[in-house]
């Protein structure tokens, strides 16, 4: 069954283990320039809104040194895709190669990029999410 926002809202996902068990890709940018990175941490849930009308959100954590972070700073959209186990090797490659060092690291995998609006996802994933978010606060240390 193709996933839609309506059936996504009613589907049962184990949001406590989906990042840990399945890994995912966070992809930032447009079809013209994008980067993807493997993520094994994050959260999904619902915030704000009256009953049954809350906003579904995803939170991902990306280091400042990552190329994905640099692109997120200038683009409005990003995707998070989860994959079947058979793509674990590809996700391992994308998690071990920096987009700063290997700009076309997708070519090292069997994954097929796909346009999702003005963002990029992957044909091969079985769950795709397209989110737009606003950075409201940051935390951590800044190197001087």
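The values are calculated or read from the model by the stated rules, or taken from the named source; none is laboratory data. Source: prediction; values computed, not measured. Here the Cβ is made from the backbone with ideal geometry for all residues, glycine too, and neighbour counts use every protein chain on show.
Assorted remarks:
- Any hit, the range 8-29, residues being part of a loop (DSSP other than H, G, I, E, B), out of contact with any strand residue (DSSP E or B) (no Cβ under 8 Å at 6 or more places or on another chain), closer than 26 Å to residue 104 by Cβ and in contact (Cβ under 8 Å) with a residue 12 or more places away in the chain: no
- Qualifying residue in the range 107-122 (condition: part of a loop (DSSP other than H, G, I, E, B), over 23 Å from residue 6 (Cβ atoms), in contact with a strand residue (DSSP E or B) (Cβ under 8 Å, 6 or more places away or on another chain) and modelled with pLDDT of 85 or more): yes
For (1) within 13 Å of the chain's Cα centre (by Cα); (2) modelled with pLDDT under 90; (3) over 24 Å from residue 123 (Cβ atoms), each residue gets a yes or a no:
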{"site": "30", "(1), (2), (3)": "no, no, no"}
{"site": "70", "(1), (2), (3)": "no, no, yes"}
{"site": "94", "(1), (2), (3)": "yes, no, no"}
{"site": "97", "(1), (2), (3)": "no, no, no"}
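- Residue in the range 45-68 that is over 30 Å from residue 107 (Cβ atoms), touching a residue at least 60 places away in the same chain (Cβ under 8 Å) and either in a loop (DSSP other than H, G, I, E, B) or touching a strand residue (DSSP E or B) at 6+ places or on another chain (Cβ under 6 Å) (or both) present: yes
- Members of the range 106-121 that are in contact with a helix residue (DSSP H, G or I) (Cβ under 9 Å, 6 or more places away or on another chain) and touching a residue at least 24 places away in the same chain (Cβ under 8 Å): 106, 111, 113
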